[in-house]
Every structure is written in C-alpha cells, then in structure tokens.
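The values are calculated or read from the model by the stated rules, or taken from the named source; none is laboratory data. In this text the structure is predicted, and so the values were computed from the model without any measurement. Using ideal geometry, Cβ is built from the backbone for each residue, glycine included, and neighbour counts are taken over all protein chains shown. Surface accessibility is based on the protein's heavy atoms, side chains included, excluding ligands, DNA and RNA. Shrake-Rupley method; radii C 1.70, N 1.55, O 1.52, S 1.80 Å.
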Amino acid sequence: MSTILDPWGHFAIEEYEKLFKQFGIEPIDKVLNKLPKLHRFFKRRIIFGHRDFDKWLDAMKKGEKATILTGFMPSGHVHLGHYAVLEELRYYQEIGIDITMVIADAEAYAVRRLPREKILEYAREYITYALAIGLDPGKTKIYFQTNYKPIYYRLIQMFSRKVTLAEMEAIYGKLEPSKIMAALTQAADILHPQLKEFGGYEWVLVPVGADQDPHLRLSRDIADRFKNELGLKRPASTYHKFIRGLDGNKMSSSKPEYAIFLSDPLDVVRSKVMKALTGGRATAEEQRKLGGEPDKCTVYDMYMYYLAPDDKDLHKIYTECINGEILCGMCKRRAFERLKEILNVIKEKYVKISESGIVDEVVDFPSF
Ligand code: TRP
Ligand code: SF4
C-alpha cells in the first residue's frame, strides 16, 4: 500500500524503515565516516536518513559553498522536540557552517490558522531559545516568511508555473490553496540560498523531521525544472526521529500535558516526568524478575536524546533497566534531576537574552 506523508498532520511516523523503501530516503549509516565530528544524534540514529548528504559533505570538504537551512513553524511553545533541531544547528555552526533559519509564520497562519499576535509571540520565543541554546547571533541568519526580500517572493510565483496540481497532490494528498501556497513558499525557503542575492550557495542541506520529506521531494523536482533558468541544484536533506511525547505519541504543543516545554516551571516538569509512559512492568516484583522495556519507554527516550550524552552511561541505564536492577520511580527521579540541570541553564540564558534586546537587533520582525 502506498502511504502519503502529511507534513501538516499530527501523526507520529511509526515505521522509519518504510521511508527507505517507499520514498528512497537513504539510511545514514554509510555517510557517517564522512562527518568531521560525530554528534550523538548520528551515533544513536536519531538522525537516521538522508538524501544526498554525502554529496553535500564532499562539497563542503572541498571548500565549495555549502550551507544549512531549516525552519520552524511558530505554532506553539518550544518543547524538547524542537530542542533537538536547535542542538543540531549548533553542532553544524561549531564545525563552521553558515546557518539560515526561517520562521514559517505564513505557514502557521495559513495552515494552523492561528491569530497573528500569537504567531509573532511564539516566533520571538523560538528565536530567543535558539540563541539561548548557543546559536551565534552574528552567524545565524533568521528571517520571517512574511518579511523578506522581494526576489524570494518572485521565486514562489515562478515555481507555481512549473508544477501541476496533480503532481503536488501525488506528493501531499488532497490540497487546498493555503497548503499549495505553504508548499511553494517552503520550496522558496529551501532553494533561495542558491541565488547570488542570498549568498550563491551551491549546496544547501536541510535538516528536518521525516514528516517534512514531501517538501524536499517537491523542492528537488522544482530545482530540476529551474536548472537552466535559475541554475538551481537539488538540495540535500537529513531526517531525524522525533522525541516522543510522554504518552508515547509525537510530542506536540497541541497536547501540552504530554510535552515538556522549555518554559515549563520545574515543578510542572517534575510531575509530567513522574506521569510519563514507561516500559515498566505492572508490579515491582515483576519488574525485578523480567526487567523493563526501554525501547517502549518515553523516559528512556529522554536519556537517549539529552540526559545521557555519554555512551557508556546510556548503556548502563539500558542494562540496569532490562535486568530489572532499577525501578521506574527511581529512574524517573534521576531523569528529572538531569533534566532540571539542563533546563536551569537554558532558562537562565533565556532571561538574559530576552533582557539584552539582541533578538530585535539580529532579526527583522514584521511590523504587523
Ligand atoms: N514546514 C516546517 C514545519 O512545519 C517549517 C518550514 C518552513 C521549514 N520552511 C522550511 C523547514 C524550510 C525546513 C526548511 O515546521
Ligand atoms: Fe523506562 Fe527507566 Fe522504567 Fe526502564 S527503568 S522502563 S528506562 S523508566
């Protein structure tokens, strides 16, 4: 059966294997030896797949003009799922790559149907956290979809001429005008860094969640069709798995009780963690006998993403769990203690950055 990935859906992507077979996403494994530095997200296969990442890495090594672009839809508060992408961006910045971040405020308005004031408020929160997490404001270009240079909008108009509705619906499923606009706008986001007005980067890498792959397929098709007219090349991409929410489904701001927001007060975080779905057994006795199931556990997810950056430590937690040497209550308390440390640092930086006024210095906010 063929499936359509819905980039605007709220669904968790269960079968990552399917993405390889059905959509031609490549497993990340063979590319890893080309990376100058191996972030744990690669080692742990949180970043699990790619398109043309190998070509992008080779070009970068040869000193050709390579860049990274990714985007955020400001449709809710920033949670642990977004944190992963921000950490990924910081990693690329540390190895010396220019970064562009697009704030998808047009998309949030059209597709999520949020009021404008809310969108701008969330956008400010995102940008502030991005800087709090350590993105260098001097080296990160951040723009809003509604407030950019005129040529960017010309791209959207030009792209509309060389795709058909049937082609787009084969990628996205049934479309309406708002989604067509959002998709073409995202193609402009992905492809515009190649224009000389925006830096003339020949190689653009787009690190995203797997749900965004439809936009990459569209952008790659469009690049082929504008090869002569605009000199466009296909963008490369990497795909990450989302951290699950505390109920085991995709973490999303539309289900706040199961998401951990960076802005949650610590006592709220504690009670959320204590209620999280685990891979524990019904009774302590059973757990001691059979061991837990970390692969099913949302608390283990948090260790894997953030709370146990050291591989040996993560392995120890895994072993303790499967051997029934630790019970979930203890394990959750330890998780909370570790999370608290991370959140405290970010919260403190968040306040500093908010008060410094730097966000308005580096980002051109739309006036309405
Ligand atoms: N659609 C993305 C989301 O839902 C946001 C986005 C807009 C984006 N333009 C982009 C992501 C370009 C990557 C590249 O979060
Ligand atoms: Fe999850 Fe920890 Fe319980 Fe294992 S012991 S199932 S890792 S909470």
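Starting from segment 114-209, pick out the trypsin sites (Lys or Arg not before Pro) whose DSSP state is loop and whose Cβ has at most 14 other Cβ atoms within 10 Å.
139, 162, 174
What translational diffusion coefficient, to the nearest whole µm²/s, does segment 256-356 have by Stokes-Einstein, given a Kirkwood radius computed over alpha-carbon pairs, a temperature of 20 °C and 1.002 mPa s viscosity?
For these conditions, the coefficient is 149 µm²/s.
Per residue, how much accessible surface does the chain expose to a 1.4 Å probe? Answer in Å², no decimals. Present the calculation step by step, with values, prior to reporting the outcome.
Details: 16980 Å² over 368 residues.
Per-residue accessible area for the chain comes out at 46 Å².
Accessible area, 1.4 Å probe, largest first: how do 62, 37 sort?
Largest accessible area first, the list is 62, 37.
Restricting to DSSP loop positions (anything but H, G, I, E, B) with no more than 15 other Cβ atoms inside 10 Å of their own Cβ, which GluC sites (Glu not before Pro) remain in segment 295-346?
Numbers: sites: 320, 325, 337, 341; in loops: 325.
Passing both the DSSP loop test and the Cβ count: 325.
Among 174/296; 141/349; 296/316; 62/162, which pairs are too far apart, with a Cα-Cα distance over 22 Å?
174/296; 62/162
Just to make sure I understand: if all protein chains stay in place, what is the order of 32, 262 by accessible area at 1.4 Å, largest first? Walk me through the intermediate numbers first.
Values: 32 25, 262 0 Å².
Greatest to least solvent exposure: 32, 262.
Between segment 309-368 and segment 141-192, what is the separation of their alpha carbon centroids in Å?
Here the answer is 35 Å between Cα centres.
If Lys and Arg each add +1 and Asp and Glu each add -1, what is the summed charge of the other residues whose beta carbon sits under 15 Å from the beta carbon of residue 129?
On the way: positive: 90, 124, 347, 349, 352; negative: 87, 88, 121, 125, 136, 264, 348, 355.
With Lys, Arg at +1 and Asp, Glu at -1, the neighbours total -3.
Could you give the C-alpha radius of gyration of the chain expressed as a fraction of 2.2 N^0.38 Å, taking N as the number of residues it contains?
Dividing the Cα Rg of the chain by 2.2 N^0.38 Å gives 1.01.
Once neighbouring chains are kept in place and the probe is 1.4 Å, which whole percent of the accessible area of the chain is contributed by carbon and sulfur?
Carbon and sulfur atoms account for 53 percent of the accessible area of the chain.
How big is the accessible area of residue 364 in square angstrom, nearest 10, if you roll a 1.4 angstrom probe over the protein chains?
Approximately 100 Å² for this residue.
For segment 172-220, I need the span (max minus min coordinate) of the C-alpha atoms along each principal axis, in Å, sorted largest to smallest.
Each principal axis gives a Cα extent; for segment 172-220 these are 35, 22, 13 Å.
Quickly estimate the mean residue ellipticity at 222 nm for the chain, helices only: each DSSP H run with n ≥ 4 gives -39500 (n - 2.57), and the total goes over all residues, rounded to 500. Walk me through the numbers on the way to the answer.
On the way: 17 runs with 180 residues, N = 368.
Roughly -14500 deg cm²/dmol at 222 nm, from the helical runs in the chain.
Could you tell me the accessible area of residue 267 in Å² (1.4 Å probe, neighbours in place), rounded to the nearest ten?
Its heavy atoms expose roughly 100 Å² to the probe.
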